[in-house]
Amino acid sequence: MIAVGLQAVEEASVGHPYIEAIVMAILLGTAIRTLWEPDPRYRAGIAFSAKQMLELAVALLGASITFSAIAASGVTLLAAIVTVVLLTLAASFAISRSLGLSVRLSILIACGNSICGNSAIAAVAPAIGASTDDIASSISFTAVLGVVVVLGLPLLIPLLSLSETQYGILAGMTVYAVPQVLAATIPAGLVATQVGTLVKLVRVMMLGPVVAFITIAGRGLRNSGTSSARAKNNFFAVLPWFIVAFFLLAALRSLALIPDGAIVPLKKLASILTVLSMAALGLGVDLRIIGEVGGRVTAAVTLSLLFLLGLSLGFVCYGTPGL
């Protein structure tokens, strides 16, 4: 409510919100979490808002997207997404190993950085029998760095004179989590949000094949049959319900089966849920965690992200003429 109120003050004062409510919600949540740890009675509501409400917001966004908007560059874009993911997987793994990290931890960092952050780490961990310490190390800094990317990426729009489509592609290729793409692209406009979300969802869908490959190739890394069973379960659970719902609504919209009058209310509801969820996500980020994560893990995640950002920028600036 504070974030929405501050945006309203901006709009009344200067006619345009230079800092959107969705960004202010993250900043306020993060500041509060750094100074105060929520009591157990609050945690269930925070977790529900950060996950279920945000997933619903992402699903509803599909109703505002038509596939025809990106059909012209579909094949090129799909090839670029696959190429970026594969190259970043290899580079992140090589960077992590060169810094002396274990094979398991290097795989977790590579998958988290290349595909979808914590979700990818959680899905891949059972496939390689990763330890709790490895999972915690890779996830903790990824959470902090993910928020930094969301807040810093929009600064590249004026710096590089990116169009909404170009920025949407960049955000979809670099931001860790699907919901974070909303936070990074909403300030840039509806086209950026639509393209960014679609690109990110295609990137997330690569998690299934990657987990399948690692499950087969990483048999030597697993320590027990339990890990193998959990890996199998994860493989069939890597496509979340909200991704299916997003594409279903997008298909219905593309077929004109969703009336135009329903689009504005759905977008408004998605916006409200997103701001609420960003506040909850902020309450889950403690900036002090940076000091508790090992220096080599920090360096590996940061360098891997910079590689991903550079590779994505190269495609956006030189591989998307006319967008």
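Based on this model, can you work out whether residue 50 counts as out of contact with any Pro (no Cβ under 6 Å at 6 or more places or on another chain) and at pLDDT 90 or above?
So residue 50 does not fit the description; no.
In the set 3, 31, 12, 44, which member is surrounded by fewer than 20 Cβ atoms within 10 Å (Cβ to Cβ), modelled with pLDDT of 90 or more and assigned to a helix (DSSP H, G or I)? Steps first, answer last, please.
Details: 3 fails: surrounded by fewer than 20 Cβ atoms within 10 Å (Cβ to Cβ); 31 fails: modelled with pLDDT of 90 or more; 12 fails: modelled with pLDDT of 90 or more.
Of the residues listed, the single one that is surrounded by fewer than 20 Cβ atoms within 10 Å (Cβ to Cβ), modelled with pLDDT of 90 or more and assigned to a helix (DSSP H, G or I) is 44.
Kindly establish whether residue 37 is assigned to a loop (DSSP other than H, G, I, E, B), farther than 19 Å from residue 188 by Cβ and of a type outside the set (Val, Ile, Thr). So that I can check it myself, show each step before the final result.
On the way: assigned to a loop (DSSP other than H, G, I, E, B): yes; farther than 19 Å from residue 188 by Cβ: yes; of a type outside the set (Val, Ile, Thr): yes.
Considered against the rule, which asks whether it is assigned to a loop (DSSP other than H, G, I, E, B), farther than 19 Å from residue 188 by Cβ and of a type outside the set (Val, Ile, Thr), residue 37 comes out as yes.
For residue 92, work out the one condition from (1) over 20 Å from the mean Cα position of the chain (by Cα); (2) modelled with pLDDT of 90 or more it doesn't fulfil.
(1)
In the stretch 228-265, what residues are modelled with pLDDT under 90, open to solvent by 30 Å² or more (accessible area, probe 1.4 Å), in a helix (DSSP H, G or I) and under 20 Å from residue 52 (Cα atoms)?
Scanning the stretch 228-265 gives 234, 241, 244, 247, 248, 249.
The values are calculated or read from the model by the stated rules, or taken from the named source; none is laboratory data. Small disclaimer: the values here were computed from a predicted structure and weren't measured. Cβ: placed from backbone, ideal geometry, glycine included. Neighbour counts: every protein chain shown. Accessible surface is based on the protein model in full, side chains and every heavy atom, while ligands, DNA and RNA are left aside. Shrake-Rupley method; radii C 1.70, N 1.55, O 1.52, S 1.80 Å.
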